[in-house]
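Contents: one structure, followed by commentary.
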Amino acid sequence: METLVTIGVFAPLVGAAIAGLFGRRIGDTASMAVTTGLLFVSCAVAWTVFYQHTWGHMEAFTLRLLPFINIGDFQSAWSIRIDALSAVMLIVVTTVSALVHLYSWGYMADDPHKPRFFAYLSLFTFAMLALVTAADFMQLFFGWEGVGLASYLLIGFWYKKDTASAAAIKAFVVNRVGDFGFALGIMTVFWMFGTIEFAELFPQIASKAGTTWHFIGQDWSALDLAGALLFVGAMGKSAQFLLHTWLPDAMEGPTPVSALIHAATMVTAGVYMVCLLSPIYEYAPLAAQIIAVVGAVTALFAATVGLAQNDIKRVIAYSTCSQLGYMFFAAGVGAYQAAMFHLFTHAFFKALLFLGAGSVIHGMHHEQDMRKMGGLMKLLPITYAVMTIGTIAITGLGIPGVGGFAGFYSKDSIIESAFASATSGHSPVAYFAFFVGLLAACLTAYYSWRLIFMTFNGKAVWKEEAAHDDHHAHDAHAHDDHAHDDHHHGPLKPHESPAIMLVPLLVLSIGAIFAGWYFAPEFIGHHEAEFWRGAIFVGEHNHVLHDSHDVPTWVKWAPLVLTLIGTFVAVWFYILHAGLARRMADRGGPLHAFLYNKWYFDELYQATFVRGAKALGDLFWKIGDIKIIDGLGPNGVAWLSQRVGRRLSIWQSGYVYHYAFVMLLGVAALLAFAFSLAS
């Protein structure tokens with residue numbers, strides 16, 4: 001098994017090296033075949049590991065490969081850690097990545113740089129696998145930065161497009177802010193425990209629960225400090241409130257990138273990290289409360305912004321932010337198992353929605369504005385069917401006691417856990433998370449069905465566009481919603497995607513339908529303790545998951561009621577009274593502008609951090625560097641030398657007798673001085 005796991009982890013790296021280094025020699029087809037084939041090998045290994053862990057009772061193990069960093073007490077080695085958490089993440093990463101590779105054969109068929117694209121995809125997958133199998137913080141940080149690099153390369157894949165390059169830089173910079181906090185958190189852990197290896201760290205945490213750090217006249221809980229700093233890293237990687245601005249702009253990358261990185265894998269790295277570090281957060285209540293509050297605020301914020309967006313990919317991107325908020329506040333209130341379960345189910349239906357959106361964009365000749373679609377149900381029947389399945393799954397539509405699609409089991413478990421945590425007194429902020437979760441469920445239903453209705457139902461706006469050759473947007477901001485410009489638009493004649501793009505959608509649909517029902521007993525049900533086997537630590541005082549099964553009946557039915565309300569409102573605006581929502585949007589208003597402009601965070605950051613950083617840079621450059629350092633340094637010395645030289649030049653006449661006369665005076669002066677000393 002150890003050899004098999006090693007092959008599974010490193011197969012994507014081999015594929016990335018072959019396609020990246022030799023892609024031009026072996027050609028497009030060979031590059032795609034090698035990378036895709038090796039990804040399916042990794043996927044098969046991941047499912048084998050998951051099966052052996054879940055039903056074969058395979059014990060957790062750590063395989064040490066090579067020494068990495070050995071400096072005094074700071075010891076790190078390249079390792080592969082296999083337990084319940086890493087087994088779940090292995091199948092999430094490799095399954096989505098393998099299907100995205102296959103899907104990209106069709107979506108990127110006209111792109112001239114396919115070897116580079118597939119090499120980047122495989123490089124990302126390897127970095128993610130290194131992250132989820134890390135046995136210490138150093139390798140975790142390596143994978144953390146590796147997926148950040150791959151994300152930068154993939155978002156800016158169409159590097160000749162200015163918006164894509166800007167989005168890639170934005171993602172890179174924002175994540176560096178989060179990673180700075182993450183690095184400080186790792187330093188804090190090493191300062192407290194003298195180790196960064198998880199197997200040595202976790203058993204010591206309970207004994208260090210009361211450790212404090214004296215700073216600015218106060219004693220601070222060291223574990224809370226470490227937990228909060230580590231969570232800052234998760235905020236950046238998982239696009240949480242305040243560090244979320246990079247994710248919507250990342251939609252400038254190819255749609256398969258959105259499905260792989262920004263829906264199912266990289267953005268879930270923060271959730272995985274928080275659940276992995278459950279031994280820390282169980283003894284860091286303040287840090288856990290911060291996680292719950294930030295997660296709840298993110299869930300609500302992103303859901304409100306999703307109401308007013310018109311770009312099909314941006315709506316799904318904000319949906320991703322919102323669903324990640326659910327996962328974080330679940331972990332913050334102590335329901336780590338529910339957070340991982342929602343991560344697992346979310347991977348299926350969110351990848352399905354992104355790839356489905358890519359199918360729509362492909363069929364609409366790379367048009368992404370939903371206001372220019374409509375009436376596609378009969379022209380794209382398979383895409384319509386699978387996106388409807390994904391929408392039902394993400395809205396959590398289901399009947400308590402009967403069942404539903406994947407999202408019903410995981411999202412309802414999170415909401416019920418928040419209520420259980422609140423009533424048991426486990427988390428002081430759980431009531432806030434509970435009510436925000438209910439409200440976000442209502443908003444999710446509205447904007448998710450709005451996407452379906454605007455895209456597939458109603459009037460076929462694309463016919464009017466083709467008839468009148470109208471290349472203008474419907475409002476002043478529509479150009480922000482356009483897809484990449486590397487492909488010509490051509491006449492709008494929507495068509496269904498090729499089979500190689502539809503097969504991954506059908507496979508993901510199966511997961512979106514059945515993953516919740518089939519795996520709920522293992523993740524959050526009666527078998528959860530046997531399934532997780534200590535990979536998630538739950539303190540003696542934490543009975544949140546157990547209590548969530550016994551919440552009042554109204555708590556179990558509340559998500560369904562609010563989901564139906566959100567769905568009905570969407571039907572009212574986009575089916576029963578078609579055109580009403582557009583007329584309201586055209587009239588504008590402060591609320592619509594506030595939501596359409598994403599709470600003005602980009603403008604706020606531009607006015608403060610961007611302009612502030614530029615002003616500070618100008619200060620150091622124009623004042624500090626040019627005027628002070630250069631002015632007093634090399635430029636000042638040069639100026640002084642020039643002035644002195646000009647004054648002294650009057651003594652340099654060029655006549656030999658003048659020089660001889662001066663020399664004679666000098667000799668006379670020396671002789672006079674010598675005689676004076678002698679006398």
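Every read-out reported here was derived from the displayed coordinates using simple, explicitly stated rules and does not represent laboratory data. From a predicted model like this one, the values you see are computed outputs, not experimental measurements. With ideal geometry, Cβ positions are generated from the backbone for all residues, glycine too; neighbour counts draw on all protein chains shown.
Quick notes on this one:
- Helices (runs of 4 or more DSSP H) enclosed by segment 572-644 - at least 2 residues per element that are in contact (Cβ under 8 Å) with a residue 40 or more places away in the chain: 580-587, 590-596, 601-605
- Boolean, Phe202 is closer than 20 Å to Ser76 by Cβ and surrounded by fewer than 20 Cβ atoms within 10 Å (Cβ to Cβ): yes
- Scanning segment 523-569 for residues that are of a type in the set (Gly, Ala, Ser) and part of a loop (DSSP other than H, G, I, E, B) yields Gly525, Gly534, Ala535, Gly539.
- Being surrounded by fewer than 19 Cβ atoms within 10 Å (Cβ to Cβ) and not aromatic (Phe, Trp, Tyr) holds for only one residue in Arg24, Arg81, and it is Arg24.
- So Ile382, is it in contact with a Lys or Arg (Cβ under 9 Å, 6 or more places away or on another chain) and either more than 22 Å from Thr563 (Cβ to Cβ) or assigned to a loop (DSSP other than H, G, I, E, B) (or both): no
- Within segment 382-410, residues that are over 18 Å from Tyr318 (Cα atoms) reach partners that are hydroxyl-bearing (Ser, Thr, Tyr) with beta carbons closer than 6 Å, at six or more positions or on different chains, in the pairs Thr383/Ser359; Val386/Ser509; Ile389/Ser509; Leu397/Thr563; Ala406/Thr345; Ser410/Thr345.
- Taken across segment 350-365, residues that are under 19 Å from Lys598 (Cα atoms), surrounded by 24 or more Cβ atoms within 10 Å (Cβ to Cβ) and in contact (Cβ under 8 Å) with a residue 24 or more places away in the chain do not occur at all.
- Residue within segment 298-317 that is of a type in the set (S, T, N, Q) and not in a helix (DSSP H, G or I) present: yes
- Scanning segment 100-113 turns up no residue that is touching a Lys or Arg at 6+ places or on another chain (Cβ under 6 Å) and farther than 25 Å from Thr255 by Cβ.
- Members of segment 507-559 that are surrounded by fewer than 15 Cβ atoms within 10 Å (Cβ to Cβ) and of a type in the set (A, V, I, L, M, F, W, C): Ile510, Phe514, Ala529, Trp554, Trp557
- Residues that are under 26 Å from the mean Cα position of the chain (by Cα) and closer than 17 Å to Ser448 by Cβ, drawn from segment 401-413: Phe405, Ala406, Gly407, Phe408, Ser410, Lys411, Asp412
- Residue match in segment 141-161 (condition: outside any helix (DSSP H, G or I), touching a His at 6+ places or on another chain (Cβ under 7 Å), on the phi < 0 side of the Ramachandran plot and not hydrophobic (A, V, I, L, M, F, W, C)): yes
Residue-wise test of (1) of a type outside the set (Phe, Trp, Tyr); (2) farther than 22 Å from Val503 by Cβ; (3) crowded, with 24+ Cβ neighbours inside 10 Å.
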site: Ala11; (1), (2), (3): yes, no, yes
site: Thr29; (1), (2), (3): yes, no, no
site: Trp55; (1), (2), (3): no, yes, no
site: Thr94; (1), (2), (3): yes, no, yes
site: Ser104; (1), (2), (3): yes, no, yes
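- Residue that is surrounded by the most Cβ atoms within 10 Å (Cβ to Cβ), among those in segment 114-161 that are under 13 Å from the mean Cα position of the chain (by Cα) and over 20 Å from His101 (Cβ atoms): Trp144
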